[in-house]
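Worksheet: one structure, shown below.
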Amino acid sequence: MADYKLIGNIAIGEDVTIGDYAIIGVPAKKFDGDNRTVIGGGSTIRSHTVIYAGNTIGKRLNTGHNTIIREGNSIGDNVSVGSNTTLEIGNRIGNNVKIHSNCIIGEYVIIEDYVWIGPSVITLATLHPPCPKYEECARKDPIVIKKNAKIGGNVTLTPGITIGENSLIGAGAVVTRDIPPNSVVVGNPARVIKTIDELDCKEPYFSRPYEWEDEIRKGTVKK
């Protein structure tokens, strides 16, 4: 039997696996919302994960080891949050989102459906740290990652920017301004170099990158 801890008002769906030393429902002293913790069925909470009170999480969440989910997050179905990743407070995450290991997401970031976030990505919520009003600013002008965007490893997203739908942000980029939909972006500061449709596959498995996405969602091609 796993050695984990449940605290406070918690609702956990069926067929949820919780690993050793995970803690769910940690009290959040500064959180003034609903302190109920909801985790949907079919989820896997791996060892040493810490989930604070006041989170609403959909079905089939998968966490890595040492994942931290702070208070006030709204998370959809089929979301993966990697090892050593921290979700700070108040984020809104859609369905079918993958967040790799060693990321810091927050606060009040909006991540839409089918977004893919590579390892060691950082989203910065505070324009002028350590401003005492940073939460108000982050709520008013959040980082938004639109549907189906891909964020490469070691990318930094600065406060208040929007990443357009279907865009690809290259590894190591520092994004300081809004990115149009369907863009390929690289560099520091990041700049648009082409569109998604202009990408070529290195290997001959597909005629172009990302043509497989619709087929995967239809179930005709496996991941």
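We did not get these values from a lab; they are worked out from the coordinates using the rules stated. Just so we're clear, the structure is a prediction, and the values are computed from it rather than from any experiment. As a convention, Cβ positions derive from the backbone with ideal geometry for all residues, glycine included, and neighbour counts pool all protein chains shown.
Label segment 110-156 by shape, choosing from rounded, prolate and oblate, from the square roots a ≥ b ≥ c of the eigenvalues of the Cα gyration tensor; if a/c is under 1.5 it is rounded, and otherwise prolate applies when a/b is larger than b/c, oblate when it is not.
Note, shape of segment 110-156 comes out oblate.
If you place +1 on the Cβ of every Lys and Arg, -1 on the Cβ of every Asp and Glu, and leave all else neutral, what size is the dipole of the chain about its Cα centre, to the nearest 20 Debye?
Magnitude of the dipole: close to 180 debye.
If you place +1 on the Cβ of every Lys and Arg, -1 on the Cβ of every Asp and Glu, and leave all else neutral, what size is the dipole of segment 88-177 about its Cα centre, to the nearest 20 Debye?
160 debye
Kindly provide the GluC sites (Glu not before Pro) of segment 1-100 that DSSP labels as loop, not H, G, I, E or B, and whose Cβ sees at most 15 other Cβ atoms within 10 Å.
Filter output for segment 1-100: E14.
May I ask for log10 I(q)/I(0) of segment 74-153 at q = 0.14 Å⁻¹, from a Debye sum over the Cα atoms as equal point scatterers with solvent left out?
Once normalised to I(0) and log-transformed, intensities are -0.41.
Can you pull a Stokes-Einstein diffusion coefficient for the chain at 25 °C (0.890 mPa s), Rh from Kirkwood over Cα pairs, as a whole number of µm²/s?
D = 136 µm²/s.
Taking every alpha carbon pair in segment 1-87, what does the distance histogram look like in 5 angstrom bins from 0, in percent?
The calculated distribution, bin by bin, is 4, 17, 28, 32, 15, 4, 0.
Report the equivalent ellipsoid semi-axes for segment 123-223 in whole Å, largest first, defined as the square roots of five times the eigenvalues of the gyration tensor built from alpha carbon atoms.
Computed over segment 123-223, the values are 31, 15, 10 Å.
DSSP loop (so not H, G, I, E, B), at most 16 other Cβ within 10 Å: list which trypsin sites (Lys or Arg not before Pro) in segment 36-111 pass both filters.
Counting only loop positions with at most 16 other Cβ atoms within 10 Å, the trypsin sites (Lys or Arg not before Pro) in segment 36-111 are R36.
By the gyration tensor of its Cα atoms, with a ≥ b ≥ c the square roots of the eigenvalues, what is the shape of segment 1-51: rounded for a/c under 1.5, prolate for a/b over b/c, or oblate?
Because a/c hits 1.5 or more and a/b fails to exceed b/c, segment 1-51 counts as oblate.
For every helix of n ≥ 4 consecutive DSSP H residues, a contribution of -39,500 (n - 2.57) applies; sum these over the chain, divide by its total residues, and give [θ] at 222 nm rounded to the nearest 500 deg cm²/dmol.
-1500 deg cm²/dmol
Taking only C-alpha pairs under 8 Å that are 6+ residues apart, what is the relative contact order of the chain in percent?
Normalised by residue count, the contact order of the chain is 9 percent.
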